[in-house]
Amino acid sequence: MWELWLMFSGAFLAATLLPGGSEVLLLALLDKQPEMAWSLLLSATIGNTLGALSSYLLGLLGRKAVTPEQLDSGRHKQALALLKRYGYWALLLSWVPLIGDILCLLAGWMKLPLTKSTLMILTGKGLRYLIIVLLALEWLQWVF
């Protein structure tokens, strides 16, 4: 059971603005406990989604600190352009390194709908972990 809490915590922290990658942790845990693959997948997806939603909340709270003019002239132009063009659908890319955290933060800042944003974040992150798990399980079968 500790593996699930470890996976949840690692995935949560990796989805915040803190540096870290949960994929390596997932692969290590899968190597030791392949029978827990689907539980680890679920734990990672939920933790990573909640971590991303904490960034969404920070963005929502940051509306008072950052003006639209500051945001347009900042280093977040690419993420902002994606969100302006595709709306909450851009959050399917919330798993992408470097830009994903900013997408979630800006989604909150832009007050995108929480339910739809959560669904897109959950879907994007869940699919990424699913691919990692399926590839890891295939590799484990091939090696052993």
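The values are calculated or read from the model by the stated rules, or taken from the named source; none is laboratory data. Given the structure is predicted, the values throughout are model-derived calculations rather than measurements. Backbone-built Cβ (ideal geometry, glycine too); neighbour counts: all protein chains shown. For accessibility, only protein heavy atoms count, side chains too; no ligands or nucleic acids. Shrake-Rupley method; radii C 1.70, N 1.55, O 1.52, S 1.80 Å.
Please enumerate the residues belonging to the stretch 30-87 that are among the aromatic types (F, W, Y) and out of contact with any Gly (no Cβ under 9 Å at 6 or more places or on another chain).
Selection gives W38, Y86.
Of everything in the stretch 85-96, what is modelled with pLDDT of 95 or more and surrounded by fewer than 22 Cβ atoms within 10 Å (Cβ to Cβ)? Give them in sequence order.
Hits for the stretch 85-96 are R85, Y86, G87, Y88, W89, L92, L93.
Is it the case that some residue within the stretch 97-108 is of a type in the set (V, I, T), surrounded by fewer than 23 Cβ atoms within 10 Å (Cβ to Cβ) and over 27 Å from L6 (Cβ atoms)?
Checked the stretch 97-108: no residue is of a type in the set (V, I, T), surrounded by fewer than 23 Cβ atoms within 10 Å (Cβ to Cβ) and over 27 Å from L6 (Cβ atoms).
Could you give me the residue pairs with C-beta distances under 6 Å whose first residue belongs to the stretch 2-16 and is in contact (Cβ under 8 Å) with a residue 24 or more places away in the chain, whose second residue is of a type in the set (A, V, I, L, M, F, W, C) and open to solvent by 50 Å² or more (accessible area, probe 1.4 Å) wherever it lies, and which are 6+ apart or on separate chains?
Final answer for the pair search is F12/L50.
Does E3 satisfy the criteria of being open to solvent by 40 Å² or more (accessible area, probe 1.4 Å), among the acidic types (D, E) and over 19 Å from the mean Cα position of the chain (by Cα)?
So E3 fails the test.
Under the condition of being in contact with a Ser or Thr (Cβ under 6 Å, 6 or more places away or on another chain) and open to solvent by 10 Å² or more (accessible area, probe 1.4 Å), which residue from the stretch 120-135 is nearest to L50 (Cα to Cα)?
Our first condition is that a residue be in contact with a Ser or Thr (Cβ under 6 Å, 6 or more places away or on another chain); within the stretch 120-135, this holds for 121-122, 124-126, 129.
Of the ones still in play, those that are also open to solvent by 10 Å² or more (accessible area, probe 1.4 Å) are 122, 126.
Values: L122: 9, G126: 12 Å.
Only one residue tops the list, namely L122.
For the stretch 39-61, give me the residue count where each residue is in contact (Cβ under 8 Å) with a residue 60 or more places away in the chain and of a type outside the set (V, I, T).
Count: 7.
I need the full set of residues from the stretch 62-74 which are in contact (Cβ under 8 Å) with a residue 40 or more places away in the chain and either buried (at least 17 other Cβ atoms within 10 Å of the Cβ) or aliphatic (A, V, I, L, M) (or both), in order please. Steps first, please.
Of the residues in the stretch 62-74, the ones in contact (Cβ under 8 Å) with a residue 40 or more places away in the chain are 62-63, 66.
V66, the sole residue that qualifies.
When the stretch 1-14 is examined, which residues are found to be farther than 17 Å from I131 by Cβ and part of a helix (DSSP H, G or I)?
W2, E3, L4, W5, L6, F8, S9, G10, F12, L13, listed by residue number.
What residue, among those in the stretch 6-53 that are of a type in the set (S, T, N, Q) and more than 23 Å from W139 (Cα to Cα), is surrounded by the fewest Cβ atoms within 10 Å (Cβ to Cβ)?
Result: S9.
Which condition from (1) open to solvent by 40 Å² or more (accessible area, probe 1.4 Å); (2) polar (S, T, N, Q); (3) modelled with pLDDT of 95 or more is the one that S117 breaks?
(1)
Can you go through R75, R63 and tell me which one is modelled with pLDDT under 95, touching a Lys or Arg at 6+ places or on another chain (Cβ under 8 Å) and of a type outside the set (D, E)?
Testing whether each residue is modelled with pLDDT under 95, touching a Lys or Arg at 6+ places or on another chain (Cβ under 8 Å) and of a type outside the set (D, E) leaves just R63.
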